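Data first, discussion second: the structure below is written as structure tokens.
The values are calculated or read from the model by the stated rules, or taken from the named source; none is laboratory data. It should be emphasised that the depicted structure is a prediction, and the values quoted were computed from it without experimental measurement. In this analysis, Cβ positions are derived from the backbone assuming ideal geometry, glycine residues included, and neighbour counts consider all displayed protein chains.
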Amino acid sequence: MNFMALELRPLCAVLISLTASGLIYVLGEHIRPNAREGITLTAAVLKIITVYSMIPAVLAGREIRLELFSIVKGVSFAFNVDPAGMVFACVASTLWILTSIYSIGYMRGHGEKNQTGYYAAFAMCLCATTGLCFAANLITFFIFFEVLTVATYPLVVHYRDAEGTFSGRKYLAYTLISGQIFFAAIVIVYSVSGTMDFVPGGFITADMLPMPWALVVFFMMIGAGIVKAGVMPLHSWLPAAMVAPTPVSALLHAVAVVKAGAFCTLRVVLYVFGPEMAKACYGADILAWMAVFTIIVSSFVAMRKYNLKARLAFSTVGQLSYIVLGICILTPYSTAGALYHIVAHAFMKITLFMAAGAIFVTTHKKDIREMVGIGRRMPVTMMAFTAASIGIAGFPFFVGFVSKANIILGAVSMGKPVFVATLIASALLALTYLMPVVLIAFKKNVDNPEFAERGDAAPAMLIPLVITAVISIILGIAPNAGLHLFDLAVMAGNQIFMPLM
Amino acid sequence: MIENIPVLIVLLPLCSALLCLALTAVSRNLGIFAVKLSCLASFVLSCIQLQMVVTGGTIHYAIGNYAAPYGIEFVIDSLNAVLLVCFSLMGFLTILFAENFGNEKRPMLVGAACAETALLITGILGMTSTGDVFNLYVFLEITSLSAYCLISLGGSRGVVSAYRYMLVGTVAATLYLLGIGVLYSVTGTLNMGDMREILDQGGYDGAMLTAMCFLIPAFGIKMALFPFHGWQPSAYTHAEPGSRPLITGVMGKVPALAMFRFVYCIYGTDFRFVRIGLILLGIFSVFGMLYGSLMAMGQTDIRKILAYSSVAQMGYISLGFAIGTPIALAGAFLHMLGHVFMKGGLFFCTGAIRYKFGTVDINEFGRIYKKMPLTCGLLTAAALSMIGIPPTAGFFSKWYLALGAAGQHEWIYIIILVISSLLNAVYFFRLIEKVFIRQSSELRTRWESEVLELPLTIIIPVVICFIAIFGLGLFNVRIVDILLMTLEGVGL
């Protein structure tokens, strides 16, 4: 069997992380930490190569489909690499390697316990994330979705203290309940439609599910997605889960888990229900208004949080709702914008989280009010933080601008002035809660003796966060640089809306 | 030889059970060895038999060459064949596991426990194989009597539990006998296939209804279905630790299979009161699923948690029967197979923890995963399977059950399945929390070794259960296809 065959690569991408996770769990306590982290890094490099190697084929419009075996009667365990999944997979695999390097610096700098379990669960999460990117049908998707739920749990309770346990329970309560409802909805969809394959533009028609039921099933399915994406009022697990170590917050609560929720929303709205059906059952409208509400409210909540990670958590809640809103506007532009916002937000937010973690490990400061003049001590970290903050606010030449502009373009073309106003207002709100941190850090004429000496974070933490900050600027200037992620997002948008045009 | 496989599967454990005590008197290990060997042989033979059934279709075996319907007949269809493989494997694993729990000072007692376990295996395999309603009764009694003995070997509280179980179990056996008596009086036959043909001619509705009223509580008690489960929690908790995985994992399943045989193979779905019976069964299942999980939440003894969880899990199986479409029945039997390894596996874990640390109170399980990673791996896998997280076996059986319910538009059953999974999640994650998160308590290690966390005879069952939970999940379609070979013809 030729393992470099194109069709087998999605499977390889999933198996690489799975193998790494198993190896780390079994060998972790018996080998030296360097060897253990070697496994993580090797797997991350292999995975990134595997994932990137599929980009040209996807850009050329080739279908990469792999049907392995029947997972339940009548449905295969199948992978299908499409542009939308490719965007998310690229982001997740790129950031895995950066976060892994950062984790090594953070976990060792902080002298954390239980590192074996930590790296094993981390790899497992990435396995699940890649799996759900490439899943070709609902059941394959659901399997990886639930694996992700369970694999994240050990990371949330990493510190094994009362607070962590409580957050873990909260996390499980939200995700398991919504997951089980998702399961029931999948059963209903399968029993009425007889298929589960994702189709760009959806496969459910109005005669399969008459009106009140269509809306009920829509929300049963979307529930799992919006819980993970932290759409209000289902967001409260997300700030609670910030008790986890910072790299976890960075990768999982800014990239893998919450984005998996947004991606689930994308799959359900546009690949299961389809734009027409989502519109006809009013599901998309209701969801869009929920997203608008979340964007505004979360910004105000973020302003009142003085714990840096908590502030960033609420910023995540708001930013994820951009993606949900972009999906629910139901135009090719906004869909491309929403997909690209997965990329944009990932790079920007991970920079912010990594910076917060670097500050915590270097100076043990969590509270924003204690960070007066910290820019003097950690200039590089704070420069990266500044760049990412400006990006989150959506300034031109930063990556956040590209995605937001597209979402706004979509909203304009659909004639939704409220959505446009929300998006613009939230950019200003983002400035009001992120800029104070920057201003405090670089405040002039303050001699805070704690921060007088220059002493930036350790290189293992500094390098990844500088890289992500630089990437978020490069992608802002040239959205297609390197991986053609913007083209992929546009392709996905066109695929979905092609039949309608 | 090859055509005698169906009866050999049952006879080998029986012979070893009878020889066991005599051999133990010669040497302690000889008796156990004979039982082990016979159970392994049973397992191998049932694998061969499964292969034969899949390729060659249902096997009818007339015992002593007395032709049915006068003689006793063993009928091995694809359903029986799969279940036999699973049950005999669990029997073998339990015998392996049990040798660690004997009282070193009283070798005869060890031999007796081993003989009883072999008898229990005989009864279970016989009930699964037989195609004769009276023969079923005989094997049911063998199962029950050996179970009474095994439970009473579990110490003074075990004796009380066994006594309770015996009282209730005798009532069940009597009800069963009355039920088949009524059927025999109108049909004049004891062979299941023959009885089906005669009943199909019609005109026996009154007798059939009367028999059904006897049979449902009879099987309900034996399979510990809510609300007939009263004997079960204490019996499961205090049973002899070595044989507990078999008692909890398999013993309750066989009466469920018998109930399925009566409802779908003898009565058939054309019988006009069957619907009422199924609705009743559905109500029992639904309340059982909720009650079992709610009761499990309140316990701190891991054995009690698992025992109450069994009440809930039997509800899943009977829910499949209540829905009644082939796909739901397949789900019920897949759950039966999965649950053998989940519950059996969890009791292997319990036994292993008790063997190593001598405790069963979950509040003392602080971070034992560091000392027993394999056991805790199985514990987690089995717990996730109970909740129904993919890709474990429990998820897929739940999928087929829900799909069957959706096909029959029984939406309430889907809601109950979801609620039940979430209730399972509450107490199983509590268990996982105790094992992985709580502060270590000072547990005295009873068994030390540099290389292995436990003796090999405990590790083997643990590893096999772990593989089976994921194997049954990922390759469920193959099994469901084999099950459907039989079930396609009988469902609604």
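Being of a type in the set (A, V, I, L, M) and free of Cβ contacts under 8 Å to residues at least 40 places away in the same chain is the filter here; which residues of the range A:43-95 pass it?
Listed by number, the residues that qualify are A:46, A:49, A:60.
Output the number of the condition that residue A:454 fails; it satisfies all remaining conditions of (1) under 28 Å from residue A:324 (Cβ atoms); (2) basic (Lys, Arg); (3) touching a Pro at 6+ places or on another chain (Cβ under 8 Å).
Failed condition: (1).
When you look at residue A:114, is it polar (S, T, N, Q), away from every other protein chain (no Cβ under 14 Å), in contact with a Phe, Trp or Tyr (Cβ under 9 Å, 6 or more places away or on another chain) and surrounded by fewer than 24 Cβ atoms within 10 Å (Cβ to Cβ), yes or no?
It is false that residue A:114 is polar (S, T, N, Q), away from every other protein chain (no Cβ under 14 Å), in contact with a Phe, Trp or Tyr (Cβ under 9 Å, 6 or more places away or on another chain) and surrounded by fewer than 24 Cβ atoms within 10 Å (Cβ to Cβ).
Per-residue answers, yes or no, for (1) at pLDDT 90 or above; (2) under 20 Å from residue B:191 (Cα atoms); (3) part of a helix (DSSP H, G or I):
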position: B:15; (1), (2), (3): yes, no, yes
position: B:31; (1), (2), (3): no, no, yes
position: B:74; (1), (2), (3): yes, yes, no
position: B:84; (1), (2), (3): yes, no, yes
position: B:89; (1), (2), (3): yes, no, yes
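Being over 15 Å from residue B:64 (Cβ atoms), of a type in the set (A, V, I, L, M) and in a helix (DSSP H, G or I) is the filter here, so list the residues in the range B:1-13 that pass it.
Answer for the range B:1-13, where residues must be over 15 Å from residue B:64 (Cβ atoms), of a type in the set (A, V, I, L, M) and in a helix (DSSP H, G or I): B:2, B:5, B:9, B:12.
Confirm whether residue A:119 is more than 14 Å from chain B (Cβ to nearest Cβ), touching a Lys or Arg at 6+ places or on another chain (Cβ under 8 Å) and part of a helix (DSSP H, G or I).
So residue A:119 passes the test.
Using the structure shown, decide if residue B:383 is crowded, with 24+ Cβ neighbours inside 10 Å, modelled with pLDDT of 90 or more and more than 20 Å from residue B:468 (Cβ to Cβ).
no
Here are A:61, A:38: which of them is outside any helix (DSSP H, G or I), surrounded by fewer than 20 Cβ atoms within 10 Å (Cβ to Cβ) and more than 14 Å from every other protein chain (Cβ to nearest Cβ)? Explain how you work it out, then say what you get.
Details: A:38 fails: outside any helix (DSSP H, G or I).
Residue meeting the stated conditions: A:61.
Residue-wise test of (1) closer than 18 Å to residue A:127 by Cβ; (2) surrounded by fewer than 23 Cβ atoms within 10 Å (Cβ to Cβ); (3) in contact with a helix residue (DSSP H, G or I) (Cβ under 9 Å, 6 or more places away or on another chain); (4) not polar (S, T, N, Q).
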position	(1), (2), (3), (4)
A:146	yes, no, yes, yes
A:152	yes, no, yes, no
A:160	no, yes, yes, yes
A:179	yes, no, yes, yes
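If you check A:357, A:318, A:400, A:337, which single one turns out to be at pLDDT below 90, farther than 30 Å from residue A:451 by Cβ and buried (at least 24 other Cβ atoms within 10 Å of the Cβ)?
Exactly one residue qualifies, and that residue is A:337.
Would you mind listing the helices (runs of 4 or more DSSP H) fully within the range A:389-501 where at least 1 residues are over 20 Å from the mean Cα position of the chain (by Cα) and more than 30 Å from residue A:375 (Cβ to Cβ)?
Where helices (runs of 4 or more DSSP H) fall fully within the range A:389-501 and carry at least 1 residues being over 20 Å from the mean Cα position of the chain (by Cα) and more than 30 Å from residue A:375 (Cβ to Cβ), they are A:399-413, A:417-441, A:485-497.
Determine which member of the set B:466, B:470 is touching a helix residue (DSSP H, G or I) at 6+ places or on another chain (Cβ under 9 Å), surrounded by fewer than 19 Cβ atoms within 10 Å (Cβ to Cβ) and more than 10 Å from chain A (Cβ to nearest Cβ).
Matching residue, one of B:466, B:470: B:470.
Which one is surrounded by the most Cβ atoms within 10 Å (Cβ to Cβ), of the residues in the range B:411-421 that are at the interface with chain A (Cβ under 8 Å from one of its Cβ atoms) and either free of Cβ contacts under 8 Å to residues at least 12 places away in the same chain or under 13 Å from residue B:282 (Cα atoms) (or both)? Give the derivation first.
First, the residues of the range B:411-421 that are at the interface with chain A (Cβ under 8 Å from one of its Cβ atoms): B:414-415, B:417-418, B:421.
Retained after the next criterion (residues that are either free of Cβ contacts under 8 Å to residues at least 12 places away in the same chain or under 13 Å from residue B:282 (Cα atoms) (or both)): B:414-415, B:417-418.
Details: B:414: 23, B:415: 14, B:417: 25, B:418: 22.
My answer is B:417.
Please work out if residue A:183 is buried (at least 24 other Cβ atoms within 10 Å of the Cβ), within 10 Å of chain B (Cβ to nearest Cβ), modelled with pLDDT of 90 or more and farther than 30 Å from residue A:97 by Cβ.
Judged against the criteria, residue A:183 is a match.
Go through the range B:134-152 and count every residue that is out of contact with any His (no Cβ under 9 Å at 6 or more places or on another chain) and crowded, with 24+ Cβ neighbours inside 10 Å.
Going through the range B:134-152 one residue at a time, the tally reaches 6.
Within 24 Å of residue A:19 (Cα to Cα), within 11 Å of chain B (Cβ to nearest Cβ) and either in contact (Cβ under 8 Å) with a residue 40 or more places away in the chain or in contact with a Gly (Cβ under 7 Å, 6 or more places away or on another chain) (or both) - does that describe any residue in the range A:157-175?
Within the range A:157-175, one or more residues are within 24 Å of residue A:19 (Cα to Cα), within 11 Å of chain B (Cβ to nearest Cβ) and either in contact (Cβ under 8 Å) with a residue 40 or more places away in the chain or in contact with a Gly (Cβ under 7 Å, 6 or more places away or on another chain) (or both).
Among all residue pairs at least 6 apart or on different chains, which show Cβ distances below 6 Å where the first residue, located in the range A:110-137, is more than 17 Å from residue A:251 (Cβ to Cβ) and the second is of a type in the set (Ser, Thr, Tyr) and outside any helix (DSSP H, G or I)?
none
Has the range B:57-77 got at least one residue that is within 28 Å of residue B:357 (Cβ to Cβ), of a type in the set (Ser, Thr, Tyr), surrounded by 15 or more Cβ atoms within 10 Å (Cβ to Cβ) and out of contact with any Phe, Trp or Tyr (no Cβ under 6 Å at 6 or more places or on another chain)?
Initially, the range B:57-77 is screened for residues within 28 Å of residue B:357 (Cβ to Cβ), giving none.
Scanning the range B:57-77 turns up no residue that is within 28 Å of residue B:357 (Cβ to Cβ), of a type in the set (Ser, Thr, Tyr), surrounded by 15 or more Cβ atoms within 10 Å (Cβ to Cβ) and out of contact with any Phe, Trp or Tyr (no Cβ under 6 Å at 6 or more places or on another chain).
Given the criterion within 11 Å of another protein chain (Cβ to nearest Cβ) and in contact (Cβ under 8 Å) with a residue 60 or more places away in the chain, identify the matching residue among A:190, A:153.
The conditions single out A:190.
Please give the helices (runs of 4 or more DSSP H) falling wholly within the range A:167-277 in which 1 or more residues are more than 23 Å from the chain's Cα centre (by Cα) and among the small types (Gly, Ala, Ser).
A:211-228
Can we say residue A:311 is over 23 Å from the mean Cα position of the chain (by Cα) and assigned to a helix (DSSP H, G or I)?
It is false that residue A:311 is over 23 Å from the mean Cα position of the chain (by Cα) and assigned to a helix (DSSP H, G or I).
Check A:374, A:295, A:368 and return the single one that is within 22 Å of residue A:411 (Cβ to Cβ), touching a Phe, Trp or Tyr at 6+ places or on another chain (Cβ under 9 Å) and in contact (Cβ under 8 Å) with a residue 40 or more places away in the chain.
The match here is A:295.
Taking the condition assigned to a helix (DSSP H, G or I), under 30 Å from residue B:243 (Cα atoms), among the aromatic types (Phe, Trp, Tyr) and modelled with pLDDT of 90 or more, does residue B:97 pass?
Against the criterion (assigned to a helix (DSSP H, G or I), under 30 Å from residue B:243 (Cα atoms), among the aromatic types (Phe, Trp, Tyr) and modelled with pLDDT of 90 or more), residue B:97 does not qualify.
Could you check the range B:473-487 and list, in sequence order, the residues that are more than 12 Å from every other protein chain (Cβ to nearest Cβ) and either of a type in the set (Phe, Trp, Tyr) or not in a helix (DSSP H, G or I) (or both)?
Listed by number, the list is empty, since nothing qualifies.
Return yes when residue B:436 is more than 24 Å from residue B:286 (Cβ to Cβ), out of contact with any strand residue (DSSP E or B) (no Cβ under 8 Å at 6 or more places or on another chain) and either within 8 Å of chain A (Cβ to nearest Cβ) or at pLDDT 90 or above (or both) and no when it is not.
Judged against the criteria, residue B:436 is a match.
Filtering the range A:123-136 down to residues that are more than 13 Å from chain B (Cβ to nearest Cβ) and in contact with a strand residue (DSSP E or B) (Cβ under 7 Å, 6 or more places away or on another chain), which residue is nearest to residue A:48 (Cα to Cα)?
A:134
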